[in-house]
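Asks: Please read through the structure below; I'll follow up with questions.
Taken together, the values in this text are just the output of simple stated rules run on the coordinates, not laboratory data. From a predicted model like this one, the values you see are computed outputs, not experimental measurements. With ideal geometry, Cβ positions are generated from the backbone for all residues, glycine too; neighbour counts draw on all protein chains shown.
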Amino acid sequence: MKPFLTTLLVAGSLLSGQAAPMPTLIIDGQNNHDWKATTPVMGKVLEASGLFTVEVATAPDAKNPALADFKPDFAKYKVIVMNYNGAMWGEATRKAFEEYMAGGGGMVVVHAADNSFTAWPAYNEMIAVGGWYGRNEKSGPYLRWRDGKQVLDDKPGPAGHHGAGHEYVLDTRAPQHPIMAGLPAQWMHASDELYDFMRGPAKNATILATAFADPKFGGSGEQEAQVIVINYGKGRVFHLMLGHGPEAMKCVGFITLLQRGTEWAATGKVTQKVPADFPKADAVSLRQ
C-alpha cells in the first residue's frame, strides 16, 4: 500500500502525550465518481485531525487480470475507508474482509461506495442500504424516517436515485450518539447530491441524520437517511451518503462527520470537539 502523506502528525501526537495516529486505509481505483480527486481530499481531512495516518490501496481496472490478486492486508488497519464502486473483488479478498469486519474492524462508506457489490450479501449487510446496479425489493426494504422514527418500507421498486444537486438541511436524529453529540439539530450542507430510494438488508442500522428529498429538485418527498451507523458482528460501519465531489467535501459538516465517524468506526468513541465554524441551520460553512 502506498502512504498517503509524509506527515509530522505522528511526532506531534507523541510529543503531546496522545496516542499514535491510527493506521487507516482508503480503497479506490474504480468509481463512477472522480476518485482521483476525492481520495486526496479525504486523506487530508482525516490526517488533519491528528488521529489517523492514511494509506491508499488503488484497485486495478476491472479489465485488468491483476484485480484477481488485489488483496489488501486489512488486519494492518484500524479502519477501512471505501471510496470504491467497481468490479467484484476475488473470493479470498471478500472472505478476508468479512472476517476483518466480523472480528471488530471498522469501515467508512462514502457516497457512491454504497453502490458497489450488489451481488455480495455480506457487504450489503455491512452498509445497510445501497443503490443502483440492479438493486430492488429483493435487496431489502427502503430505509426512511417517518413520524419521528426510522421505518422500513417494503414497497416494490428500484434502489438508488438523486435529483439535481443543491444545498440542503441535515436533521440530527440521534443526538446522543457519539458521532452526533454536540452537533446542532439542523445544519445546512453545501450543494451536493441527495441520495433517495436507498434500500437493502437494513439490519442493525441506526439513522443518525436525514435530509428531506424535496420534489422540486426531483427528490422522493421523503426524509431520507444520509448518515447511518451499522453493527456487523463485532465491527462498526459509518455510512455517509454525502460527498459527490471535492466541492461538496469542503463543507465543514462533511469534514466533521468524516473525521468523527471514522474515529467511531475505528474505536467506538469520539474525542473530537465540534468546530466553531460548523454550519448553521440557514448557512453553509466551507473550508478552502
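Asks: For Gly130, which sequence-distant residues (separation of 5 or more, or a different chain) have an amide H within less than 5 Å of its own amide H, given hydrogens modelled in the peptide plane?
Replies: Close amide H contacts, sequence-distant or interchain: Arg199, Gly200.
Asks: If you don't mind, another one. When the helices in the chain are scored as -39500 (n - 2.57) per DSSP H run of 4 or longer and the sum is shared across all residues, what 222 nm value do you end up with, to the nearest 500 deg cm²/dmol? Can you show the working numbers first?
Replies: Working: 5 runs with 56 residues, N = 288.
Computed ellipticity for the chain at 222 nm equals -6000 deg cm²/dmol.
Asks: Roughly how compact is the chain, stated as its Cα Rg over 2.2 N^0.38 Å to two decimals?
Replies: On the way: Rg = 17.8 Å, N = 288, 2.2 N^0.38 = 18.9 Å.
In units of the globular-protein estimate, the chain measures up at 0.94.
Asks: A further question on this structure: With the cut-off at 29 Å, tell me which of the pairs Lys138/Lys250; Lys95/Lys138; Lys216/Lys250 have Cα atoms farther apart than that.
Replies: Details: Lys138/Lys250 36 Å; Lys95/Lys138 23 Å; Lys216/Lys250 25 Å.
Over 29 Å Cα-Cα: Lys138/Lys250.
Asks: Beyond 30 Å between alpha-carbons counts as too far, so tell me which of Lys71/Lys155; Lys149/Lys269; Lys78/Lys155 fall in that bin. List each step's numbers first, then the result.
Replies: On the way: Lys71/Lys155 38 Å; Lys149/Lys269 24 Å; Lys78/Lys155 38 Å.
Among Lys71/Lys155; Lys149/Lys269; Lys78/Lys155, the Cα-Cα distance tops 30 Å for Lys71/Lys155; Lys78/Lys155.
Asks: Just name one of His177, His166, Pro156: the one whose Cα is farthest towards the positive end of the charge dipole of the stretch 128-182 (beta-carbon charges, Lys/Arg +1, Asp/Glu -1).
Replies: Working it through, the farthest residue towards the positive pole turns out to be Pro156.
Asks: Okay, next question. Using square roots of five times the C-alpha gyration tensor eigenvalues, list the equivalent-ellipsoid semi-axes of the stretch 147-288 in whole Å, biggest first. Could you put the intermediate results ahead of the total?
Replies: Details: eigenvalues 97, 84, 33 Å².
Those come to 22, 20, 13 Å.
Asks: Something else about it: Hey, got the dipole for the chain? About the Cα centre, +1 on K and R Cβ, -1 on D and E Cβ, debye to the nearest 20? Don't skip to the end; give the middle numbers.
Replies: Numbers: 27 positive and 28 negative charges, 116 e Å.
Using only the charged Cβ atoms, the result is roughly 560 debye.
Asks: Going by a ≥ b ≥ c, the root eigenvalues of the Cα gyration tensor, does the stretch 63-138 fall in the rounded group (a/c under 1.5), the prolate group (a/b larger than b/c) or the oblate group? Intermediate results must be reported in sequence, preceding the final value.
Replies: Details: a/c = 1.69, a/b = 1.20, b/c = 1.41.
Here the stretch 63-138 falls in the oblate category.
Asks: Can you give me the C-alpha center-to-center distance between the stretch 78-132 and the stretch 142-193, rounded to a whole angstrom?
Replies: The stretch 78-132 and the stretch 142-193 have Cα centres separated by 21 Å.
Asks: Please list the equivalent ellipsoid semi-axes of the stretch 48-192, computed as the square roots of five times the alpha-carbon gyration tensor eigenvalues, in descending order and whole angstrom.
Replies: Working: eigenvalues 160, 93, 50 Å².
Ellipsoid half-lengths, sorted descending, are 28, 22, 16 Å.
Asks: A further question follows. Tell me which aspartates and glutamates have Cα within less than 13 Å of Lys203's Cα, excluding those fewer than 8 residues away on the same chain?
Replies: Partners within reach: Glu125.
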